[in-house]
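Where a number appears in this text, it was derived from the coordinates with a stated rule and is not lab data. If you're wondering where the values come from, they're calculated on a predicted model, not measured in any experiment. Note: ideal-geometry Cβ built from the backbone for every residue, glycine included; neighbour counts use all protein chains shown.
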Amino acid sequence: MTHKTERKSIKLLKTLTTNTTSKHKIISKKAFTLLELLVVILILGILAAAVVPQVVGAGDKAKVDLTCVNMSSAERTLDMFRMDNGVYPETEEGLAALLSNPDSDKYVNYSSNAYLKEYPKDAWGGKLIYIKKGSGVEIISYGADRKEGGEDYSADLKLSKCKK
């Protein structure tokens, strides 16, 4: 082998060794160790444990708040009915009295347009219940289970309690 060929071989060998070594260095710099991954997973777990319980109940609370807003709106509409007719509708007539005049002889000043376009509902899709109480009214939602009674978010929700 000639001296020139020998130098080319050594140069080629150095180039291959250098490239292989630098590739390994680059790869090792891009990888995470098992310990680093475990620390990241632990931090994410701690954050999830702190945040998830607060976020999970937010949807139910928002539905309760929306139902209170819907009941307040229905109460304001009932107040307009009372201003026009001098009295609230009877319990038996219910909130349907806001959709059409239940008794044209009794409610002679009923608005030419209905007070509401559709029956008021709670955030769970259930119809609101109306009760005339002397000179006032009570509006009730049966909650998430749409049954009387219940606990937590399935409990009955009353307008009088929303105002507190």
State the extension gain, in nm to one decimal, for the chain segment bounded by Val52 and Ser100, taking 0.36 nm per residue of separation less the distance between their alpha-carbons. 12.7 nm
Separation of the Glu92 and Asp60 label points, Cα + 7 Å toward Cβ, nm: 3.9
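Taking the Cα centre of region 60-162 as origin, sum charge times position over the Cβ atoms of Lys and Arg (+1) and Asp and Glu (-1), and report the length of that vector in debye to the nearest 20.
With Lys and Arg at +1 and Asp and Glu at -1, about 180 debye.
Of Lys127/Lys158; Lys61/Lys132; Lys61/Lys161, which sit over 24 Å apart, Cα to Cα?
Among Lys127/Lys158; Lys61/Lys132; Lys61/Lys161, the Cα-Cα distance tops 24 Å for Lys61/Lys132.
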Peptide ranges 115-122, 80-87 listed from the most packed, as the mean C-beta count within 10 angstrom indicates: 115-122, 80-87
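Of the peptides 136-146, 102-112, 65-75, how do they stack up when ordered by the mean number of other Cβ atoms within 10 Å, highest first?
The packing order, highest mean first, is 136-146, 65-75, 102-112.
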